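Every number here is computed from the coordinates shown, using simple stated rules; none is lab data. What you see is a predicted model; the values in this text were computed from it and never measured. Don't worry about glycine lacking a Cβ; one is built from the backbone with ideal geometry, like all the others, and counts go over all protein chains shown.
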Amino acid sequence: MAEAISDQDIEEAISAALKPKPAPPGFAAIGRERTKLINMPPWFIDRCRQAYLSVPFEERGEHQQRVLGITSPVHGEGKTSIAIGIAVAMAADTGEPTLLVESDLASSVGFDQVLGLNRGPGLCAWLEGSNRLRLIQAAPLENAFVLPAGDAGSDPARLIFRLTSSDLIEKFKASFPNIIIDLPPMLNIAYSSLASRLADKILVIARYGRTMTDDLEKVMFLLGRERVAGVVLNDYEPKTPGWLRRIL
Amino acid sequence: MFKYLEVLFRHWVRFALLCLGLPLIAGGAALFAFQGKDGSAQLWVDTPSYIGNIQTASGWNQYLTPAQNTVDSLNQLILTDSFYQKLGQGLIDSGTVNSWSQSNQVLGEVRGTLTATAAGSHLVTIKVECRMAAVCVQVLTTTIAVHRDWLIQTEKQQADVASKFYTAQLQQAKEHQQATIDTFNAYVASHPTPANTVPAPDPQFDRLQSDVRQAQTQVIDLQDKLQAVQFSYDAASEIDQTALRVIDPPATSGGTFTSVTKKLAIAIAAGAALPGIAYLVFLGWIDRTTRNPKEIEGRVGVRVVTLIRNLNAKPT
């Protein structure tokens, strides 16, 4: 099936997403597939903005290429929400095409559910060669797109291996200056280390009062501290009064 | 520290109940369960000035009032172990307690609460706090008795020493007197004066006669002093009965929160707070989750780039 992955297919998908063909005169325009309206509170987007702005991306020529992976020790720590928030903040701030890739193939709460997409083929189907690449516009932003994972079947590790072997992300880099990859959690998914190679820089999400510090240390060991741009402490609701925290 | 504070504030209702509610209940219950008695007695202290040369009791400071002098001696007396031994014996003898172990327990309770204060120039108040009224009364009664015995004993010892001193001096004076009389008589015998003649002035005779008179005066003076000392010795007990009168006999006012009760209640309340504190320490110890950004940075070695509140939380 590997031969089914072709450069032409990728370019067509990117072209369809970034340069949609106008409908011929006299024909009704067929609307592009869109996510449901992403409605995150401004303070949340602002916090996500703070997170991505603290990442030291490498300069590539005149433009800055941003390929940022988002992961966490285990599922349920807010990784996907923060990935979406960062993608929205990046797209809004830079005005450049921004792509959000779902590579967490084992998540119970996938993009389908979070972004209100029709269950359909995604990255997995494309990797299997059974379907074309499906890039969906992230409403209401015109320059933000989502690549859902779709159904991973019974062998997600093989698909991730195929994904890392392909030059899909490199191809995307040419058209999307901003790429956010929702990586699988590091500790309970076997192929997560492999998937983490897709991103240049990685943000690790920890959930306040839930993520174990020991787990966070293990994640740092698996990823390597030089690749981790920082930790985002999610769901931060300390009960200690602010004045007391400042004293301490 | 942050972790423990966080646990404390996170479960503040639980800890308020455990660390404040429980100690308050336990302390309050202890206050009512161990209510003590306040015992007091009042003494009138006087200077026995009508008894000749005995102006003040032995050891008294002439610049202090009788009450102040008595308080001073009482407060020093109640610091001694022998006083408490006598007090313990008094408690057993009176049947207030049955054994030395009970006596020691009572003494341990009253040791810090037995005080004497001057309520005026002559009025002395002795106070004590006890668990039982009978103990309070007995402690005060025994304290007054021990103090009185001590005063009498001191007076008698002083008088005894003075008596011995004056007796020895008197003996010496009598011997001297006899010697001067003998010398005088010998001189008179050796210088007879013829009858019906006017004696010529004799300086030697006059000197010997003066010596005899001086020796007689000294003997009389010492006899007077010895007599006074012996009277003082004999009347010591009566003097102290007069000088130290019990105006208000030992009595108790019941059902009060004495200092012993308060200390006990504080100790019980502190003890009741211990499980709550232990629970806090335990919860803090078992909590290994990420809570403090500084701790994360310290442990993991990577910067915490942002803190995000719960997405569903209300904006502040």
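Structure values in brief
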{"item": "DSSP beta bridges in the protein assembly as shown [antiparallel fraction, %, rounded to 5]", "result": "45 percent"}
{"item": "Pairs of lysine residues in chain B - Cα separation under 14 Å, sequence separation of 8 or more or cross-chain", "result": "5"}
{"item": "Simple label model, 7 Å out from Cα along Cβ direction - B:Leu311 to B:Ala278, nm", "result": "4.4 nm"}
{"item": "Distance between modelled label sites at A:Lys19 and B:Ile181, nm, 7 Å Cα→Cβ extension", "result": "15.9 nm"}
{"item": "Label point distance in nm, B:Asp248-A:Arg225, each placed 7 Å from Cα along Cα→Cβ", "result": "7.6 nm"}
{"item": "Whole-number D in µm² s⁻¹ for segment B:1-130, Kirkwood Cα-pair radius fed into Stokes-Einstein, 4 °C, 1.567 mPa s", "result": "68 µm²/s"}
{"item": "Chain A: antiparallel DSSP beta bridges as a percent of all, rounded to 5", "result": "15 percent"}
{"item": "Rounded to the nearest 20 debye, dipole of chain B from Cβ charges on Lys, Arg, Asp, Glu", "result": "3040 debye"}
{"item": "Chain A, relative contact order [Cα under 8 Å, separation at least 6], %", "result": "27 percent"}
{"item": "Under-26-angstrom lysine pairs by C-alpha in chain A, whenever the two are 8 or more apart or on separate chains", "result": "16"}
{"item": "Per-residue [θ]222 nm for chain B (sum of -39500 (n - 2.57) over DSSP H runs n ≥ 4, rounded to 500)", "result": "-21000 deg cm²/dmol"}
{"item": "Global form of segment B:158-316, assessed from the alpha-carbon gyration tensor, a/c cut-off 1.5", "result": "prolate"}
{"item": "Chain B: Cys lacking any partner C-beta under 4.7 angstrom", "result": "B:Cys19"}
{"item": "Förster radius 35 Å - calculated FRET efficiency between B:Gln157 and B:Ala267, Cβ distance, rounded to 0.05", "result": "0.20"}
{"item": "Overall form of the protein assembly as shown per C-alpha gyration tensor (a/c, 1.5; a/b vs b/c)", "result": "prolate"}
{"item": "Leading residue at positive end of dipole, segment B:96-237 (Cβ point charges), from B:Thr167, B:Gly112, B:Ile126", "result": "B:Gly112"}
